[in-house]
Amino acid sequence: MATESQPESETERETGTGSKAETTADRNDPIITVRNLQTAFFTDKEVIRAVDGVSFDIRPSETVGIVGESGSGKSVTARSIMGLVESPGRILDGSSIRFHHTETVREFARRFPGRTVDLGALEAEHDPASLFAHSTVDATPEAFGYDDASEATVADFVATGYGEALGLDPKDCVFVTDGSTDEPVDGFVEITRLSGDPQRAMRGGRIAMVFQDPLTSLNPVYTVGNQIKEALRLHRGLSGAEATREAISLLEAVGIPDARRRVAEYPHQFSGGMRQRAVIAMALACDPEVLICDEPTTALDVTIQAQILDLLEELQDERDLGIMFITHDMGVIANISHRVNVMYAGEVVETADVEPLFADPKHPYTRGLLESIPGQQSGDRLQTIEGNVPTPNEPATYCRFAPRCPEAFADCTEVHPVSLPVEEGADDHTAACLLYPEHRSTPEAVNRHADREDSISEAGASPATDDDTTGGENR
Ligand code: SF4
């Protein structure tokens, strides 16, 4: 479960690489845990599995970079967290996105009492050690950081998305620990189960998003100030002079000069960089805990891009913001991220802190992305990854990167690689590739992936709500 641990000291960019110096161990408990996220789009002809078994965490004061080519599932992952997946898309059963924030749990328990669960009562009912044997639990005690199953707690299972093992109704969204829904002391909100008012309270109120093109976020017929004030009215109940003062303060916070005058201007009177700053001000109006940035600098020139990245870093330091930053640009990822998830065809294929990822990339796709950065090659020709990202329209039974992989071998078209540590003890650096763990011989490594995939398939055999999906599997 999330704890109230204190934020770590401010992070600094390393002068040599421009990357962040912290390690995962230095940072706080996650504020968002994404587990086995599967988001699919149902057309007449096929089911497109845009996000297929993605897991990662976002911590306060941490920037998690999500990188990959177009079609890799980055934006659908963001929209899933925001509750913005529209028909014919849907988050499948077996997915979990949890928001761990005590104040939010207290507020939700107070506002939506019919959707709370008493975690204290669950603890009295269940023996945590026996839950490892439940058919919906594919985790081991080691995965929870324990040497022995008897060390586990019920909260571990709830917090890591194994609520079904405790008999929880999928509609339950808030969990409390002290037996009272009036004064919960801890818990989380299950975002995938939200709808209606709780969803609106979460989206924009606790998690805000900045899109690539500020013009799509700003209404051209309203002043920038009015649009910020509308967000303040909706999420913080401010109006009149108080809202105007706060709107000016937010514009100043994002570096808009002469904010008192500019608050009354329209979006077309702002430059591209200023518009993106205004959108960030709107996102901050509700004082979110997490900011999701979907290619926020792609439409900007490099000078303005650098300024926006610096601004995000300053705002993060001031507000302990957890940031999820999506881009296809490895250079931007190196600058802004603490931790990086590399996505390919709906799956996370490599995860690591930013320095090891850039210093020693393991997955052939990550290596290909890095070699494709202009200036990284010795010759005249720019390296590219031949071919295109496939559209994942059925469950993966082999490596989706195999047709483009320069290191592919026969097993790559037979066995689906799962995320495993790249070497023994390197839990913070994982790759979904049959070449790893790297101290193993290739046949041993392949067997390990196959065994792991089998156990995941068995554990995840719970049915999805639609016959035409296999949403219960975990990866
Ligand atoms: S599993 Fe095989 S095809 Fe896939 S990335 Fe690794 S080596 Fe390449």
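The values are calculated or read from the model by the stated rules, or taken from the named source; none is laboratory data. Everything quoted here is computed from the prediction, not taken from an experiment. When we count neighbours, we look across all protein chains shown, and the Cβ atoms used for this are built from the backbone with ideal geometry, even at glycine.
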* **Which numbered condition Asp294 misses (of (1) closer than 27 Å to Asp353 by Cβ; (2) surrounded by fewer than 20 Cβ atoms within 10 Å (Cβ to Cβ); (3) touching a residue at least 40 places away in the same chain (Cβ under 8 Å))** => (2)
* To do: Exactly one condition in (1) within 13 Å of the ligand (Cβ to nearest atom); (2) among the polar types (S, T, N, Q); (3) more than 26 Å from the chain's Cα centre (by Cα) is not met by Ser419; state its number.
  => (3)
* **Residues located in region 297-340, provided they are within 17 Å of the chain's Cα centre (by Cα), within 24 Å of Lys229 (Cα to Cα) and surrounded by fewer than 19 Cβ atoms within 10 Å (Cβ to Cβ)** => Asp320
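Say we look at region 269-278 and pick out the residues that are of a type outside the set (D, E, K, R) and part of a helix (DSSP H, G or I); which of these is farthest from the chain's Cα centre (by Cα)?
This residue is Gln269.
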* Only residues in region 392-421 that are in a helix (DSSP H, G or I) count as the first member; pair them with residues that are more than 6 Å from the ligand (Cβ to nearest atom), Cβ under 7 angstrom, at least 6 apart or cross-chain, and list the lot. => Ala402/Thr413; Pro403/Gly387; Arg404/Ile385; Arg404/Glu386; Arg404/Gly387; Asp411/Val446; Cys412/Tyr398; Thr413/Tyr398
* **One residue from Glu103, Glu123 being at pLDDT 80 or above, of a type outside the set (A, V, I, L, M, F, W, C) and farther than 29 Å from Gly83 by Cβ** => Glu123
* Asked: From the residues in region 426-444 that are closer than 16 Å to Tyr365 by Cα and of a type in the set (Ser, Thr, Tyr), which one is surrounded by the most Cβ atoms within 10 Å (Cβ to Cβ)?
  -> Tyr436
* Any helices (runs of 4 or more DSSP H) falling wholly within region 180-268 and containing at least 3 residues that are touching a Gly at 6+ places or on another chain (Cβ under 8 Å) and crowded, with 16+ Cβ neighbours inside 10 Å -> 240-253
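Across region 277-311, what is the number of residues that are small (Gly, Ala, Ser) and closer than 25 Å to Arg233 by Cβ? Write out each step before concluding.
If we filter region 277-311 for residues that are small (Gly, Ala, Ser), which is where we start, we get 278, 281, 283, 285, 299, 306.
Applying the additional criterion that residues be closer than 25 Å to Arg233 by Cβ yields 278, 281, 283, 285.
Number of matching residues: 4.
Hey, among the residues in region 422-436 that are closer than 18 Å to Phe401 by Cα and part of a loop (DSSP other than H, G, I, E, B), which one's nearest to the chain's Cα centre (by Cα)?
Just the residues of region 422-436 that are closer than 18 Å to Phe401 by Cα, to begin with: 422, 430-436.
From the residues that got through so far, the ones that are part of a loop (DSSP other than H, G, I, E, B) too are 422, 432-436.
Details: Val422: 21, Ala432: 18, Cys433: 21, Leu434: 25, Leu435: 26, Tyr436: 24 Å.
The selected residue is Ala432.
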* Tell me which residues, restricted to region 57-85, are in contact with a Gly (Cβ under 6 Å, 6 or more places away or on another chain), assigned to a loop (DSSP other than H, G, I, E, B) and within 16 Å of Thr366 (Cβ to Cβ). => Gly73
* **Answer residue from region 347-370, given it is part of a strand (DSSP E or B) and closer than 16 Å to Asn335 by Cα and is farthest from the ligand (Cβ to nearest atom) among those** => Asp353
* Any residue in region 68-78 that is under 18 Å from Ser195 (Cα atoms) and basic (Lys, Arg)? -> no
